[in-house]
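Just so it is clear, none of the values below were taken in a lab; they were calculated from the coordinates. Note that the structure is a prediction, hence the values are computed from the model and not measured. Neighbour counts are summed over all protein chains in view; Cβ atoms, including those assigned to glycine, are modelled from backbone coordinates with ideal geometry.
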Number of protein chains: 2
Amino acid sequence: MGLLVVGSIALDSVYTPFGETADAPGGSAVFFAAAGAILHPVQVVGVVGADYPLAALKSLEARGVDLSGVEQAAGESFRWKARYSYDLASRETLETRLGVFAQFRPKLPAPFRKARYAFLGNIDPELQLGVLDQVTAPALVACDTMNYWIQSKRDLLLELLRHIDILMVNDSEARELSGDWNIYRAARWVLERGPKMAVIKQGEHGALLVSPDTTFKVPAYPLQDVFDPTGAGDAFAGGFMGYLASTDDLTLPNMRRAMMYGAAMGSFAVRQRRRSAGSRASCGPPGRRSPWEK
Amino acid sequence: MGLLVVGSIALDSVYTPFGETADAPGGSAVFFAAAGAILHPVQVVGVVGADYPLAALKSLEARGVDLSGVEQAAGESFRWKARYSYDLASRETLETRLGVFAQFRPKLPAPFRKARYAFLGNIDPELQLGVLDQVTAPALVACDTMNYWIQSKRDLLLELLRHIDILMVNDSEARELSGDWNIYRAARWVLERGPKMAVIKQGEHGALLVSPDTTFKVPAYPLQDVFDPTGAGDAFAGGFMGYLASTDDLTLPNMRRAMMYGAAMGSFAVRQRRRSAGSRASCGPPGRRSPWEK
């Protein structure tokens, strides 16, 4: 019951009110795999540069993540720098350096092509479509995106919607994509364009699972300490998809249970303090370790 | 099993993206009573000016609201004017005219003093304390407030907290009062100052019931059409308190059920189009009538 993720493998530099981190291992595929592998083995497709701290990925391998789809290319790794607002509710991207990601064309190892569950992390919709072409008979494909692609590759994104089962985005992305501020109308807009369901992530307020007939809301776990929201959405996706893959049950009650697993994994992610690569600097004061921190 | 509300009886002029209304009957006591009386008879204490359209209150009376605590005084009624943002998530107060409210000193009719359930709507904390002094043996007192009182009468508000059971405010008020952006820490801050519970209203995201041991979240009803959020919080309070008064059961499971009734009443309130007093102007296009609209 293969569970595939294609996405970024990044080095993040993040400023929060509680501290900062420099070149910390991150990216959508990493956060997804770290969370998902707690529930089900994960197959990762992505690319890193020559400068990537491979030890960070090895720790994923130890918990059952298959990295045979991760290429290492000459050049710099993908880097992302951002600053969060005082209440962590919004963030500003300070810098994005694509590095080896600019030339990346995902190529799935043969065993990955049979994955029944696939998550297309937030990358160019053209690459997401390219991945879909290589997966032979998926039971469920979920997909993330972001404002950058909504603005720059809208047509390809709409084409992608016709071929996926679940669009999994945050509320501002759903609003921007649909042009409708009402989140339930925005979700309907998505459902009219292909996906059977929409998962709308709402940060501290939880997440919605919207299907043509029903709406289900899972609250976020009530956390009094949040250090770094980076990757919470991908960890949510990892929990959601990992639970579905481990149960192989796509009935609505089980999808709702999967939402709970997603919320739990998202809550672990935001409590996580991340070590900067090659240093002891950390994001936030020492706290309880996240379940996937080595 | 008396259910008492003390609060404003206002004439609201509200601009929303869908229309505007002028001098529409509103105010915290009116919204509370309209919602609460669906579940349990409500006793209202408040004041109106000589210019108030009493017919609007008579329609409340028809559904079991006791208005014997409403005074009519010489002078103008309390008026409030506001404009909502395009997504209805925020609003700007354009004008507040206290009118007869400036001299108002709530005086409870003898039968009201025996109320077991009391809601102190958003008025001067000094008046809220004055009401509390007149209620002889309440089983549960809940209380609302707003930024204006948090800033101008903080000491009295803290005194009030020592004497009430539930503080019921929206998330921005909880944050401003506690000085903490994390809503769960803000709720704990409140609980350390007297109340047994805090109810935090979060608009389209629902509401939280926080007690020392547990946190319960009720989602907002997923509405695709929202016309005017004015009074949603008071309607929530009316549903919450009305259900508790009708069941007279203060166990936690029943409090949680009361949260569901609150959310339902809040959803009716925001779908409501309100008629301007003496005109056919309405807020929003014709929609389904709210259950308390005559």
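The table that follows gives values for the structure above.
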{"quantity": "Extended-chain gain in nm, criterion 0.36 nm per residue less alpha-carbon gap, B:Ala55 and B:Ala110", "calculated": "17.3 nm"}
{"quantity": "Alpha carbon convex hull of segment A:84-125, volume per residue in cubic angstrom", "calculated": "129"}
{"quantity": "Coordinate range along principal axes, alpha carbons of segment B:1-151, Å, largest first", "calculated": "44, 36, 32"}
{"quantity": "Under 13 Å, Cβ to Cβ, from A:Arg79 - net charge with Lys/Arg +1 and Asp/Glu -1", "calculated": "-3"}
{"quantity": "B:Asp228, B:Asp234 arranged by Cβ crowding within 10 Å, fewest neighbours leading", "calculated": "B:Asp228, B:Asp234"}
{"quantity": "Gap separating the Cα centres of segment A:100-121 and segment B:34-79, nearest whole Å", "calculated": "65"}
{"quantity": "Listed residue pairs exceeding 24 Å between alpha carbons, taken from B:Lys114/B:Lys153; B:Lys107/B:Lys201; B:Lys114/B:Lys196", "calculated": "B:Lys114/B:Lys153; B:Lys107/B:Lys201"}
{"quantity": "Local net charge near B:Tyr221, Cβ-Cβ under 12 Å (Lys/Arg +1, Asp/Glu -1)", "calculated": "0"}
{"quantity": "Label geometry 7 Å along the beta-carbon vector: A:Ser85 inter-copy distances in nm", "calculated": "0.8"}
{"quantity": "Ascending list, in nanometres, of distances separating the A:Glu159 label from those of the other copies (7 Å, Cα toward Cβ)", "calculated": "7.1"}
{"quantity": "Cβ nearest the rotation axis (B onto A), residue from chain B and distance to the nearest whole Å", "calculated": "B:His205, 2"}
{"quantity": "Cα gyration tensor shape of the protein assembly as shown, rounded if a/c is under 1.5, else prolate or oblate by comparing a/b with b/c", "calculated": "prolate"}
{"quantity": "Efficiency of FRET from Cβ geometry, A:His163 and A:Leu98, R₀ 30 Å, rounded to 0.05", "calculated": "0.75"}
{"quantity": "Calculated log₁₀ intensity ratio I(q)/I(0) where the Debye formula runs over C-alpha points of segment A:127-180, q = 0.29, 0.31 Å⁻¹", "calculated": "-1.30, -1.41"}
{"quantity": "Net charge of Cβ neighbours under 12 Å - reference B:Glu192; Lys, Arg +1; Asp, Glu -1", "calculated": "+4"}
{"quantity": "For segment A:1-75, alpha-carbon Rg over 2.2 N^0.38 Å", "calculated": "1.12"}
{"quantity": "Stokes-Einstein D for segment B:93-150, Kirkwood Rh over Cα pairs, 20 °C, 1.002 mPa s (µm²/s)", "calculated": "170"}
{"quantity": "Inter-copy label distances at B:Asp51 (7 Å, Cα→Cβ; nm, one decimal)", "calculated": "6.9"}
{"quantity": "Cα gyration tensor shape of segment A:38-105, rounded if a/c is under 1.5, else prolate or oblate by comparing a/b with b/c", "calculated": "oblate"}
{"quantity": "Prolate/oblate/rounded label for chain B (Cα gyration tensor, a/c 1.5)", "calculated": "rounded"}
{"quantity": "Fewest-first ranking of B:Ser28, A:Ser178, A:Ser172, using other Cβ atoms within 10 Å as the exposure measure", "calculated": "A:Ser172, A:Ser178, B:Ser28"}
{"quantity": "For segment B:5-96, share of DSSP beta bridges that run antiparallel, in % to the nearest 5", "calculated": "45"}
{"quantity": "CD proxy at 222 nm, helix term only [per DSSP H run n ≥ 4: -39500 (n - 2.57); per residue of the protein assembly as shown; nearest 500]", "calculated": "-9500 deg cm²/dmol"}
{"quantity": "Whole-angstrom gap from segment B:212-253 to segment B:139-205, using each part's C-alpha centre", "calculated": "16"}
{"quantity": "Approximate spin-label separation B:Tyr148-A:Ala74, in nm, with each point projected 7 Å along Cα-to-Cβ", "calculated": "7.1"}
{"quantity": "Fraction of beta bridges assigned by DSSP in chain A that are antiparallel (%, nearest 5)", "calculated": "40"}
{"quantity": "Neighbouring partner chain Cβ atoms per residue of A:15-22, average, 10 Å criterion", "calculated": "0"}
{"quantity": "Considering only the protein assembly as shown, percent of DSSP beta bridges that pair antiparallel, nearest 5", "calculated": "40"}
{"quantity": "Radius, Kirkwood style, for segment B:113-249 when every pair of distinct Cα atoms is counted (Å)", "calculated": "15.3"}
